[in-house]
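> My questions all concern the structure below.
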Amino acid sequence: MGRPLERSDCDELEHYIRQQNAICSRNLLEALNANHGIPSNDNPPPFRNTEPDWWPSMWFGDLVSGRPFTPIGLTIASVLDAVSSHYGIPKLEIISQRRTLSIVRPRQVCYYLAKHMTAKSLPEIGRRLGDRDHTSILSGIRKIEHLRSTDSKIDSDVRAIASSLGGSLA
């Protein structure tokens, strides 16, 4: 795979899409494929300094919807590492079956960040984080969503971990 997608690439892509008047998804695809041929002085490539193999990882819905940019290639393991480091809890404790609050809350933060910062499904997140059912993952995500709006400590923890992973959350 090529280099990771950078914010400047997204800015160029957004500018190019707006120039092409890509109003709907079909027009978006047509606009993106319009310059797929050999670049020339009259038809320069829309994305300088990029390699074509990052295209499959690009989420155009995120770009068009204006959601915060998250780095490509982020894995559940890297989220687990960041949460473990932030809370000072061993990774094995986070994925263990223990149910003490000091373990459960970081585990739920891990669920939340894995869902919002990776492209993995709930069942996949559950398999990677202690072989849990997707409904347990969903419950944990909802809990953190609620706590972020009521508990500033949890919100700042989630933002700090997301930032350490190279992304941001709304």
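> With Cβ to Cβ distances under 15 Å as the rule, what net charge do the other residues near L122 carry (K, R +1; D, E -1)? If you can, show how the numbers build up before the last one.
Details: positive: R107, K115, K120, R127, R128, R132, R142, K143; negative: E124, D131, D133, E145.
Value of the local net charge: +4.
> Further, regarding this structure: Show me, for segment 79-86, the HN-Hα J-couplings you get by feeding each phi into the Karplus relation (A = 6.51, B = -1.76, C = 1.60, θ = phi - 60°), rounded to Hz, glycine and proline as x.
In residue order, the calculated couplings are 5, 4, 4, 5, 5, 4, 5, 5 Hz.
> I would also like to ask the following. Evaluate 2.2 N^0.38 Å with N set to the residue count of segment 101-170, then give the Cα radius of gyration divided by it. Write down the numbers at each step before the final one.
On the way: Rg = 11.4 Å, N = 70, 2.2 N^0.38 = 11.1 Å.
Output field value: 1.03.
> Applying the Karplus parametrisation 6.51 cos²θ - 1.76 cosθ + 1.60 with θ = phi - 60° to the phi angles of segment 138-153, what ³J(HN,Hα) value in whole Hz is obtained for each residue in order, glycine and proline being reported as x?
Once θ is set to phi - 60°, the couplings for segment 138-153 become 4, 4, x, 4, 5, 4, 5, 4, 5, 5, 4, 7, 10, 10, 5, 5 Hz.
Read-outs: derived from the displayed coordinates by stated rules, not from any lab. Note that the coordinates shown come from a computational prediction; the quantities given were computed from them, not determined experimentally. Neighbour counts run over all protein chains shown; Cβ positions are idealised from the backbone, glycine included.
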